[in-house]
């Protein structure tokens with residue numbers, strides 16, 4: 001690629017465009033790979049007891065998160081009064 005901005009040719013632009021498109025495609029592949037982990041369905045459980053325990057663990061985690069959020073909110077309200 002030429003160093004002087006006044007001497008940029010169509011070939012320089014084409015080379016730069018190809019390099020940028022290659023980088024964009026690599027980033028798309030990375031994003032698709034990472035997003036598949038979020039979208040994939042949960043594994044089927046082998047036993048009904050495992051399903052019940054899994055649901056219980058999930059609900060307790062949600063409850064714990066809500067409770068911690070509520071406690072933090074109360075502390076922040078006290079702090080800014």
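As an exercise, use a Förster radius of 41 Å and the Cβ-Cβ distance of residue 28 and residue 8 to find the FRET efficiency, rounded to the nearest 0.05. Please report the intermediate quantities before stating the final value.
Working: r = 27 Å, r/R0 = 0.67.
About 0.90, to the nearest 0.05.
Please compute the modelled spin-label separation between residue 76 and residue 15, points set 7 Å along Cα→Cβ, answer in nm with one decimal.
My value for the distance between the label points is 5.2 nm.
Rule-based calculations on the coordinates, nothing more; no lab input. What you are looking at is a predicted structure, and each value in this text was computed from that prediction instead of being measured. So basically every Cβ, Gly included, is an ideal-geometry build from the backbone, and we count neighbours across all protein chains shown.
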